[in-house]
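Report on the following structure.
The numbers here are math on the coordinates, done by the rules we state, and not lab data. Just so it is clear, the structure is predicted and the values come from calculations on it, not from any experiment. Neighbour counts are summed over all protein chains in view; Cβ atoms, including those assigned to glycine, are modelled from backbone coordinates with ideal geometry.
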Amino acid sequence: MSAADDPFACRLSFTKLLSRLNASAGASKQCAQFALRNRELDEDLFSVILEQLQSEEITMNTRVNMLYFIEVLCEHSVKADYSGYTDMIQRDILQVVDAVVPNDPEGAANVGTVRKVMQNLRSKGFVNEMSMEEITALLAEREREHRESVASPEESVYDDDDEEPGNEGRNIKRKFDDSVIQQRMEEDRERHKRLRENIWAIPFSGDGLPNPEFEKAWDQVSDLNEDDYEIMREENQILAASIV
């Protein structure tokens with residue numbers, strides 16, 4: 001019996017996979033393959049993604065990893081010629097972003113990363129311009145609210161048991177756990193490594209649409225001039241001499 005034959009078991013399996021997500025490409029690929037293998041339950045599995053993003057039990061790093069997974073899911077869906085997940089992601093992308101950047105210090109720490117992923121999704125056609133405008137406004141609002149909270153005397157990112165230098169005795173908030181910070185640094189290094197490996201790649205457009213790689217090469221070619229004709233004459237002479 002496959003996972004799709006038991007929707008409840010399928011949801012549990014997918015939840016476990018998402019809970020183990022990290023910055024490695026293999027983890028995101030495994031989750032994407034599972035989702036596509038059980039695409040007949042796409043609505044259920046997508047609801048699991050939203051539930052996990054909104055769960056209070058997951059860390060800020062896990063939310064970022066899930067956002068990167070969503071990008072991988074979109075890419076694999078295109079390769080599989082299946083639009084179910086990409087349609088739902090386009091529909092609920094604002095809800096996804098709101099979950100990854102909640103209105104707290106953890107959300108503020110994710111704004112920069114979310115902005116980069118959203119730009120990638122837009123460039124690949126998975127997020128439309130109207131949604132991108134709403135996302136940009138939401139991220140700017142989160143940044144503004146965080147700056148105002150940090151500037152407020154009542155706000156801080158220090159532990160309740162700690163004293164912020166120069167602000168002893170104030171009502172202060174918790175800071176990030178050292179293990180969370182270390183994990184974020186390690187996962188950022190892993191993502192940057194993957195980015196360097198793939199930075200040369202240019203997306204291909206089929207179905208008669210312009211090819212970005214061809215357009216880039218065409219723009220870099222200068223107009224035909226007398227120097228080009230001279231080079232062609234010299235090469236024709238070399239060719240003629242070589243076949244005599």
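Scaled against 2.2 N^0.38 Å for its residue count N, the alpha carbon radius of gyration of segment 1-151 is 1.04.
The charge dipole of segment 1-120, taken about the Cα centre with unit charges on the Cβ atoms of Lys, Arg (+1) and Asp, Glu (-1), comes to about 480 debye, rounded to the nearest 20. Suppose each label sits 7 Å from its Cα in the direction of the beta carbon; what would the Thr59-Asp6 distance come out to in nanometres? The two pseudo-label positions are separated by 3.1 nm. The length gained by stretching the chain between Arg147 and Arg20 to full extension, at 0.36 nm per residue less their Cα-Cα distance, is 42.5 nm. Net charge of the neighbourhood of Tyr85, taken over other residues with C-beta under 9 Å away and scored Lys/Arg +1, Asp/Glu -1, is -1.
To the nearest 0.05, what FRET efficiency results for Asp219 and Asp81 with a Förster distance of 30 Å applied to their C-beta separation? E(calc), rounded to 0.05, equals 0.45.
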